[in-house]
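All remarks here apply to the structure that follows.
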Amino acid sequence: MISRSSFYSAVATCGLLAISSVAGDGFDGILGFRLVNPAEAKTVVIQRTTIYITTLPKGCVKTTYSGGAVVWKCGTKYYQPYKNRYVLVYIK
């Protein structure tokens, strides 16, 4: 059997989490984090440039974003496959 104080503590914690998730600010000012929707966490905007290369530099890392968008991170630059070559993109 659960004690009354443990029960009230659990109810208070659930209430705080519910209020913070509805408010949208979460615990930003208190604990430095907030609850986010998984779609919000992975939504990105990929802006293509007119700069193309035929091969990627060494050490590039493949990353897949929500919706199936594939980009290659090469140092500080990002490339996306496009018609048998790669286009430089900006990630926002």
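State the number of residues belonging to the stretch 46-92 that are surrounded by 10 or more Cβ atoms within 10 Å (Cβ to Cβ) and part of a loop (DSSP other than H, G, I, E, B).
Result for the stretch 46-92: 5.
If you check S3 against the conditions, is it at pLDDT 65 or above, touching a helix residue (DSSP H, G or I) at 6+ places or on another chain (Cβ under 6 Å) and of a type outside the set (K, R)?
no
The values are calculated or read from the model by the stated rules, or taken from the named source; none is laboratory data. Because the structure is predicted, anything quoted here is derived from the model rather than measured. We place every Cβ from the backbone using ideal geometry, glycine too, and count neighbours over all the protein chains shown.
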